[in-house]
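Enquirer: This is the structure, below, for whatever I ask next.
The values are calculated or read from the model by the stated rules, or taken from the named source; none is laboratory data. Keep in mind the model is a prediction, meaning the values are calculated, not measured. Don't worry about glycine lacking a Cβ; one is built from the backbone with ideal geometry, like all the others, and counts go over all protein chains shown.
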Amino acid sequence: MVELLVHVPRGIILPESVLLSDWFAVLASFVAINTVLYLVLGLVKLLPVIRLKSMQGRERRSETRNIDPEASA
């Protein structure tokens, strides 16, 4: 197996002093936590809705909600 090892020097866009500073580490941590949070929220939206009370809404009504009041319930 051939290993491709590419050495990318730090500080291509920003100087290395900026990349190693404390405020940049805090900013990078915030972005990482924010990314994980939005990933979890996106996955939760994909899951089906969990309903605790199953089908009790129909049994709760005492009268029909049909447009035709003479229709059977």
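Enquirer: Of the residues that make up region 4-22, is at least one surrounded by fewer than 10 Cβ atoms within 10 Å (Cβ to Cβ), outside any helix (DSSP H, G or I) and not hydrophobic (A, V, I, L, M, F, W, C)?
Expert: Within region 4-22, one or more residues are surrounded by fewer than 10 Cβ atoms within 10 Å (Cβ to Cβ), outside any helix (DSSP H, G or I) and not hydrophobic (A, V, I, L, M, F, W, C).
Enquirer: Another question, then. Restricting attention to region 53-70, does a residue exist that is at pLDDT below 75 and surrounded by 10 or more Cβ atoms within 10 Å (Cβ to Cβ)?
Expert: yes
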